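Student: This is the structure I want to talk about, given as structure tokens.
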Amino acid sequence: MSFTLDGNDCMPPISGGYLIIYRGSVELSVISVPSPNFVADRYRDSVSENYDSFEDDDGNDYNMTVLSSNVGVDWTLEVSTEDPALKSEIKVEYHANEF
């Protein structure tokens, strides 16, 4: 079984940032949010991408894609698991770095 969690933030990450993935109250991983290309003339040229994957102690696989642009941050977390209850336990928190 697998599921996908999506999220976004409308503030461009001027100095980058990070996403924290939690299972309940346990921190599973920290994923970097890149700074976008602010000198780009168009949205599509401003996009920076980061991809990361990891496995937790229970053998669940996580694949995170982060897109950062001049209009904000979008992320997608794909989780492969045998535990149907896991979807309700996972949350992603975004933190922008200070300017």
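Student: Report ³J(HN,Hα) in whole Hz for each residue of the range 62-69, in order, from the Karplus equation J = 6.51 cos²θ - 1.76 cosθ + 1.60 where θ = phi - 60°; Gly and Pro get x.
Tutor: 10, 10, 10, 10, 10, 10, 10, 9
Student: Tell me the label only: which of (i) 14.0; (ii) 14.5; (iii) 16.1 is Kirkwood radius over Cα pairs in Å as calculated from this structure?
Tutor: (i)
Student: Please give the charge dipole size of the chain, origin at the Cα centre, charges +1 on K and R Cβ atoms and -1 on D and E Cβ atoms. Round to the nearest 20 debye.
Tutor: The calculated dipole for the chain is roughly 440 debye.
Student: I've got another one for you. I'd like the accessible area for Phe54: 1.4 Å probe, protein heavy atoms, all chains in place, Å² to the nearest 10.
Tutor: 40
Student: Using the heavy atoms of the protein chains alone and a 1.4 angstrom probe, what is the accessible area of the chain per residue in square angstrom?
Tutor: Per-residue value: 59 Å².
The values are calculated or read from the model by the stated rules, or taken from the named source; none is laboratory data. These numbers were taken from a predicted model, which means no experiment stands behind them. Positions of Cβ are generated from backbone atoms using ideal geometry, with glycine treated the same way; all protein chains shown enter the neighbour counts. Just so you know, the surface numbers come from the protein's heavy atoms only, side chains and all, with ligands and any DNA or RNA stripped out. Shrake-Rupley method; radii C 1.70, N 1.55, O 1.52, S 1.80 Å.
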